[in-house]
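Here is the structure we will look at, set down as structure tokens.
Computed from the coordinates by the stated procedures, all read-outs in this text should not be read as laboratory data. Quick caveat: nothing in here was measured; it's all calculated off a predicted structure. Every residue, glycine among them, receives a Cβ derived from its backbone with ideal geometry; neighbour counts consider all protein chains shown.
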Amino acid sequence: MASLPRIVRTAHRGGALEVPENSMSGLMAAYESGTAHVLDFDTRILRDGTMVVMHDPTLDRTTFTGGPVRGLGLRDWQGVRLRPEASLPGNWRTERPPTVAEVLDRFGGRIVLMLEAKDPKSLRALAAMIKERGLARSVLVNSNRPAVALHAHHMGLIAQLWRSARQMRTDRPERWARFVDVLDVDYKARDTDLVRAVRSGIPRVWAHTVVTPAQRDRALALGCDGIITDAPALMARHPVEPQVEAQLRTAHLR
């Protein structure tokens, strides 16, 4: 985490508008291109306890098969194949979605990782996997639930908490400053709610899920110091507006 730049760019699910989401090839493409400082992926747990990379509770949307992820064992998982979206640029082969262990082993120590624990009960298993690889200071553990973020903090992990625009209307984020390392806020939130998050005392505030330079620049102008984006290559190609960059530089020097 200490190596991250002043403005952080995170590839959401690897950059879901540019690569097959939550795929090893997509994560590798984002890593090799250098367009992201952080790689994000989602985790779920199989019937036999194996931790795998998948956003949805079912296989229906992103694979050639269907049914609940939780109903599979590791042997079943070996036969699952991702279905790349036809709208993605480039040519992508079908492939098996990775396990969490495979992603940690491939990228751990090479780039900061962000994983969203879709099954909160898997937190203990995830913590063990992270710690046994010596990655406790370079893997963020994300959840929408403050209680899960608190638990992650108590387990010695980097705790990240994401909130929707609707939740942010009544949130009091200063209550979480003692245990949340990164607050992950909805870029669609009202200006007042984004500013309240920035002033909460939480060390880092990143806006999700940004897909245009204009959305990015608004979030940064309101004080966010990072974005989570489905289009990291697009963001890398379009620099931050000069007036926003100057504002950020001034704030950083204070």
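Taking 7 Å steps out from each Cα toward its Cβ at Ala136 and Thr212 produces label points 4.4 nm apart.
Cα-Cα pairs above 18 Å in region 46-154: how many percent? Counting pairs separated by more than 18 Å, the tail of P(r) holds 54 percent.
In this simple spin-label approximation, His154 and Ser87 carry label points 7 Å from Cα along the Cα→Cβ vector, and these lie 4.2 nm apart. Shown in residue order for region 156-171 are the 3J(HN,Hα) couplings computed by the Karplus curve 6.51 cos²θ - 1.76 cosθ + 1.60 at θ = phi - 60°: x, 9, 7, 9, 10, 10, 9, 9, 7, 4, 5, 5, 5, 4, 10, 4 Hz (x for Gly and Pro).
Between 0 and 90 degrees, the angle of helix 24-33 with respect to the longest Cα principal axis of the chain falls at about 40 degrees.
Kirkwood Rh over Cα pairs of the chain into Stokes-Einstein at 4 °C, 1.567 mPa s: D in µm²/s? The calculation lands on 70 µm²/s.
Rounded to 0.05, the FRET efficiency of the Ala221 and Thr94 pair, given R0 = 35 Å and the Cβ-Cβ distance, is 0.25.
Adding -39500 (n - 2.57) for every DSSP H run of four residues or longer, then dividing by how many residues the chain holds, sets the calculated 222 nm ellipticity at -8500 deg cm²/dmol. Which whole-number percent is the relative contact order of the chain (Cα, under 8 Å, 6+ apart)? Averaging sequence separation for qualifying contacts and normalising by length gives 18 percent for the chain.
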